[in-house]
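Notes follow once the structure below has been shown.
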Amino acid sequence: MTSPHPAIALPRLIAHRGLSAHAPENTLAAVRAAHDAGFSWVELDVQLLGDGTPVIWHDATLKRCSDGHGRLASLDLAAVRKLDVGGWFGDGFRGQRMATLREMLDLLVELDMGVNMELKVTSRRSGTELAEAVIPRLLEALPPERLIVSSFDQPALRQARAIADASLLPIGVLSESVPTKLQSRCEALEAFSIHTDWTRLTAKRAREIKAAGYRLLCYTPNDPAAFANRWAWGVDSAISDDPALFEGIAPPPALTQP
């Protein structure tokens, strides 16, 4: 049976939040670092500021990864432009600014990279609103062969699928574990892939996922030896903070993928 999905040549290794072991996560610098290290895909997080601007950021608050405080939901673009989002990581990154979705997409296009973009829905925010703001921008900027949209939030994924069909928008279903009921959710979304915590994956569930025709991505392994048997289970890609640790150990991508 012909797949409804684009023919994505997934790499074995995807840089988590950019090359986040070596640069401040979810920044333009982290994506450039991933590219410079030879990685063709990154995983990033997108959410909305209070003024509706989509930005590349993981947490609901500013505290962990900036010199500011407060919740993103209460801030506008002018306010976050004043923040340093690199100095916390190291002096060499001082002056990094929070990236808007548009700025990040422009960089991905410039570098010819693929992205797993997670729709990050924080407390009391609308996944539907986030999808409506983000999905059209993604589709305009990137070909479907270089894009996966994932989320833990079901309303966000349902709205994403309502905006574009499976031939244009590959959807990844995020789940910390892989319960049996996930199958019906994936079918309803015409999902391309399942993304799960590598420490909670079992060989049985991995093989069931692959038998059902889904790509299988694992987050966030940083220990190649501990992760090694997952490749034999059928895992397609590891989303790692430091993917260079796996080079020479991870098998090459399959010549043909389901």
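The values are calculated or read from the model by the stated rules, or taken from the named source; none is laboratory data. Just so you know, these numbers come straight off a predicted model, no measurement behind them. We place every Cβ from the backbone using ideal geometry, glycine too, and count neighbours over all the protein chains shown.
Selection of the range 138-157 for residues being crowded, with 16+ Cβ neighbours inside 10 Å and either without any contact (Cβ under 8 Å) to a residue 24 or more places away in the chain or of a type in the set (K, R) (or both) yields only R146.
Residue count for the range 66-80 satisfying the condition of being in contact with an Asp or Glu (Cβ under 9 Å, 6 or more places away or on another chain) and in a loop (DSSP other than H, G, I, E, B): 5.
For the range 231-257, the candidate set comprises residues that are surrounded by fewer than 19 Cβ atoms within 10 Å (Cβ to Cβ) and among the β-branched types (V, I, T); within that set, the residue that is farthest from H5 (Cα to Cα) is I249. Checking each residue in the range 185-204 for being farther than 15 Å from R161 by Cα and without any contact (Cβ under 8 Å) to a residue 60 or more places away in the chain picks out I194, T196, D197, W198, T199, R200, L201, T202, A203, K204.
What do you reckon, is L83 surrounded by 13 or more Cβ atoms within 10 Å (Cβ to Cβ) and assigned to a helix (DSSP H, G or I)? Write out each step before concluding.
Numbers: surrounded by 13 or more Cβ atoms within 10 Å (Cβ to Cβ): yes; assigned to a helix (DSSP H, G or I): no.
So L83 fails the test.
Filtered by the rule that a residue be of a type outside the set (D, E, K, R) and either within 16 Å of P54 (Cα to Cα) or in a helix (DSSP H, G or I) (or both), the range 86-114 gives G92, F93, M98, A99, T100, L101, M104, L105, L107, L108, V109, L111. Please determine whether any residue of the range 49-57 is among the small types (G, A, S) and either crowded, with 17+ Cβ neighbours inside 10 Å or at pLDDT below 95 (or both). Scanning the range 49-57 turns up no residue that is among the small types (G, A, S) and either crowded, with 17+ Cβ neighbours inside 10 Å or at pLDDT below 95 (or both). Per the listing A162, A166, the residue uniquely modelled with pLDDT of 95 or more, of a type in the set (A, V, I, L, M) and either outside any loop (DSSP other than H, G, I, E, B) or closer than 20 Å to I56 by Cα (or both) is A162.
One line per residue, one yes/no per condition, for (1) part of a helix (DSSP H, G or I); (2) aromatic (F, W, Y); (3) farther than 11 Å from P243 by Cβ; (4) within 12 Å of the chain's Cα centre (by Cα):
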position: L19; (1), (2), (3), (4): no, no, no, no
position: H35; (1), (2), (3), (4): yes, no, yes, no
position: G50; (1), (2), (3), (4): no, no, yes, no
position: R64; (1), (2), (3), (4): no, no, yes, no
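On the stretch given as the range 202-230, residues that are farther than 21 Å from V42 by Cβ and surrounded by fewer than 20 Cβ atoms within 10 Å (Cβ to Cβ) total 14. Can you say whether R185 is part of a helix (DSSP H, G or I) and modelled with pLDDT under 95, as far as the supplied structure shows? Considered against the rule, which asks whether it is part of a helix (DSSP H, G or I) and modelled with pLDDT under 95, R185 comes out as yes.
For the criterion of being aromatic (F, W, Y) and closer than 30 Å to A191 by Cα, W88 fails. Can you find a residue in the range 227-246 that is of a type in the set (D, E, K, R) and touching a Gly at 6+ places or on another chain (Cβ under 9 Å)? No, the range 227-246 contains no residue that is of a type in the set (D, E, K, R) and touching a Gly at 6+ places or on another chain (Cβ under 9 Å).
Return the only residue of L130, L107 being surrounded by 21 or more Cβ atoms within 10 Å (Cβ to Cβ) and touching a helix residue (DSSP H, G or I) at 6+ places or on another chain (Cβ under 6 Å). Testing whether each residue is surrounded by 21 or more Cβ atoms within 10 Å (Cβ to Cβ) and touching a helix residue (DSSP H, G or I) at 6+ places or on another chain (Cβ under 6 Å) leaves just L130.
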